[in-house]
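Peer 1: One structure coming up, written as structure tokens, with questions to follow.
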């Protein structure tokens, strides 16, 4: 192995408008090996989607200030020009979204759009590109794929569209797939099909995946490693088992306790009090301190250090306590 | 009693504790799809297609199902936001909308609803206080009393009235707005609250707070809930009984432990095993059913689940299964040919 496929160091993202500055991502570091699946778990406003979009430079340049260092497969992402970005997007890194209707152009057929992506990145003709499109639709198990090649996005059901979007994203065999809540809008019986499909394709293509979700169960289904985000930082990371069973940071502990699962009827949920932080007025010290039951004066004034709990298992907390589940 | 709304006929318990607070009989709602030059009806969405169920006084009935199963249409029919094509809704024995029953205005004092979109359900130009006191004022409460009630309700849902009465919806977080919607729903002191995906848009940490609040309010005020959600975990946590819907019909209904512990309908089983695992060492290996839910415009004939059912046989496509009690548990009913001896299915209860 020649080192990590993805390396993110000190990533910060600011959104500036006339009256306020939003600190969406406040120093995120992580590395990802080829073929590894990282689940990025967090609630709305935690910075998980913004981190993902920064990796693809999808944030509006005029309002966004990016800093830090992002390297993906040898590309220095934050310094790339538009031309280099066009090759990078879709070729090296691809992304799938929650809403497939927004990923497809409604006036072109699904087959044409996949073929266009292939021609854009590889030196092949139209017939060969259509052939690849068909192959991809079959690969994501769209029934009667040949007929679906000429279908418009609105003619497909939700689960089918999601499969077609995965086909589009993987058509050029990217080394890294970014998945932004791709199953959140789907029904339960369809969601599990898509998760299993992604797991299978990830193995087959040997690609790395960063999977953003707010759903603990979904993260467990797909991830090798997990990272929990809060207030624009990764507060705990480790193997899926570390984060779920040997949780050390009070925020993921609270998140797990407040997630309803199994037979909890009749018990009172241990909700985390308060609401997520206002990203335009981040507290000094630990961002979670205002909601944390363990917080003391140190937590409220000093940014927490990284506590190593086990190889690969870290929590950013002044007083991490492993709670074994 | 200056601070109360004039008494109506349905303020007291009419039929006694044994009479269901809500009885639904043969409820049908089809939405026509118009098209073509002459704007004729070209197709019909069979959103709700003949459902019966009761909601007992003081219980929480959970309704689960995937998109297009008719759960939200059912909720809207219950509060008569839309009119049913057939069937009736009885509130404590009184037929809603009938001459000798309960008129709509009166019914809505007793039956209130909370929606998923906390922002869209509040008027952006009214302060929180005005939104909450609007209903009571319409129903005859004086302005001063209505304001006092709004403050009292805010306190009850865990928002400091001094901080919130003057605010507008956009100044609140999603969780706070949903608390305001709950306060508004309670402003007319209803007996039944219909919660249609009321916590689905909230973050998990906030969802837990609101679920705790709903449980507290229910105990404090003796409410009855119809709790609609696509989240099986949350429905299990909240409900006494659970109704599973599929494409406009009831697939299975019963006590929460029976539905989750001993599901009888293949669809209920599939739905339960489609829940993501919470154990990294026991991840799901196989999807319980393939394909998407069919379109409710042209639902399959017979049992509507037969196109995705692993046990489908010719009888399933030919005949609609009745909702019938499971042997040994009168409260647990399932609409499946496998449950009925002599239905023609090879796996009937007797044969297995």
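The values are calculated or read from the model by the stated rules, or taken from the named source; none is laboratory data. Predicted model, so just to flag it, every value in this text is computed and none were measured. Because the Cβ atoms are built from the backbone with ideal geometry, glycine has one as well, and the counts that use them run over all protein chains shown.
Peer 1: What number of residues in the stretch B:64-114 are within 14 Å of another protein chain (Cβ to nearest Cβ) and within 20 Å of residue B:240 (Cβ to Cβ)?
Peer 2: Number of matching residues: 3.
Peer 1: A further question follows. Could you name every one of the helices (runs of 4 or more DSSP H) located completely within the stretch B:62-157 that has at least 2 residues being at pLDDT 90 or above and touching a helix residue (DSSP H, G or I) at 6+ places or on another chain (Cβ under 7 Å)?
Peer 2: On the way: elements: B:71-78, B:104-110, B:128-138, B:143-156.
Because the criterion is at least 2 residues that are at pLDDT 90 or above and touching a helix residue (DSSP H, G or I) at 6+ places or on another chain (Cβ under 7 Å), the helices (runs of 4 or more DSSP H) in the stretch B:62-157 that meet it are B:128-138, B:143-156.
Peer 1: Could you tell me whether residue A:209 is more than 7 Å from chain B (Cβ to nearest Cβ), in a helix (DSSP H, G or I) and either at pLDDT 95 or above or within 23 Å of residue B:202 (Cα to Cα) (or both)? If you could, list the steps in order and put the result at the bottom.
Peer 2: On the way: more than 7 Å from chain B (Cβ to nearest Cβ): yes; in a helix (DSSP H, G or I): no; either at pLDDT 95 or above or within 23 Å of residue B:202 (Cα to Cα) (or both): yes.
Against the criterion (more than 7 Å from chain B (Cβ to nearest Cβ), in a helix (DSSP H, G or I) and either at pLDDT 95 or above or within 23 Å of residue B:202 (Cα to Cα) (or both)), residue A:209 does not qualify.
Peer 1: I'd like to check something: does the stretch A:96-111 contain any residue that is over 18 Å from the mean Cα position of the chain (by Cα) and in a strand (DSSP E or B)? Please lay out each step first, then the result.
Peer 2: Step one: of the stretch A:96-111, the residues over 18 Å from the mean Cα position of the chain (by Cα) are A:101, A:104-111.
Checking which are in a strand (DSSP E or B) leaves us with none.
Within the stretch A:96-111 (the criterion being over 18 Å from the mean Cα position of the chain (by Cα) and in a strand (DSSP E or B)), the answer is no, since none of the residues qualifies.
Peer 1: Within the stretch A:131-184, which residues are under 20 Å from residue A:208 (Cα atoms), without any contact (Cβ under 8 Å) to a residue 60 or more places away in the chain and surrounded by fewer than 21 Cβ atoms within 10 Å (Cβ to Cβ)?
Peer 2: A:173
Peer 1: Still on this structure, I have one more. Regarding the stretch A:260-273, can at least one residue be identified that is outside any helix (DSSP H, G or I) and either closer than 30 Å to residue A:165 by Cα or touching a strand residue (DSSP E or B) at 6+ places or on another chain (Cβ under 7 Å) (or both)?
Peer 2: Step one: filter the stretch A:260-273 for residues outside any helix (DSSP H, G or I), giving A:260-273.
Those still in the list that are either closer than 30 Å to residue A:165 by Cα or touching a strand residue (DSSP E or B) at 6+ places or on another chain (Cβ under 7 Å) (or both) too: none.
So far as the stretch A:260-273 goes, no, none of its residues is outside any helix (DSSP H, G or I) and either closer than 30 Å to residue A:165 by Cα or touching a strand residue (DSSP E or B) at 6+ places or on another chain (Cβ under 7 Å) (or both).
Peer 1: Looking at (1) in a helix (DSSP H, G or I); (2) in contact with a strand residue (DSSP E or B) (Cβ under 6 Å, 6 or more places away or on another chain), can you tell me which one residue B:208 breaks?
Peer 2: (2)
Peer 1: Considering each of A:22, A:70 in turn, give the residue that is outside any helix (DSSP H, G or I), touching a helix residue (DSSP H, G or I) at 6+ places or on another chain (Cβ under 9 Å) and in the same structural domain as residue A:210 (by TED's automatic domain parsing).
Peer 2: Details: A:22 fails: touching a helix residue (DSSP H, G or I) at 6+ places or on another chain (Cβ under 9 Å).
Only one candidate qualifies: A:70.
Peer 1: Among the residues of the stretch A:183-199, write down those that are assigned to a loop (DSSP other than H, G, I, E, B) and within 7 Å of another protein chain (Cβ to nearest Cβ).
Peer 2: The initial filter retains those residues of the stretch A:183-199 that are assigned to a loop (DSSP other than H, G, I, E, B), namely A:183-187.
Of everything in the stretch A:183-199, just one residue is assigned to a loop (DSSP other than H, G, I, E, B) and within 7 Å of another protein chain (Cβ to nearest Cβ), namely A:187.
Peer 1: Select from the stretch B:241-288 the residues that are in a loop (DSSP other than H, G, I, E, B), facing chain A (nearest Cβ under 9 Å) and in contact with a strand residue (DSSP E or B) (Cβ under 8 Å, 6 or more places away or on another chain) and list them in ascending order.
Peer 2: To start, the set of residues in the stretch B:241-288 that are in a loop (DSSP other than H, G, I, E, B) comprises B:247-248, B:262-265, B:274-288.
The next check asks that each one be facing chain A (nearest Cβ under 9 Å); those that pass are B:274-281, B:283-288.
Correct list: B:280 only.
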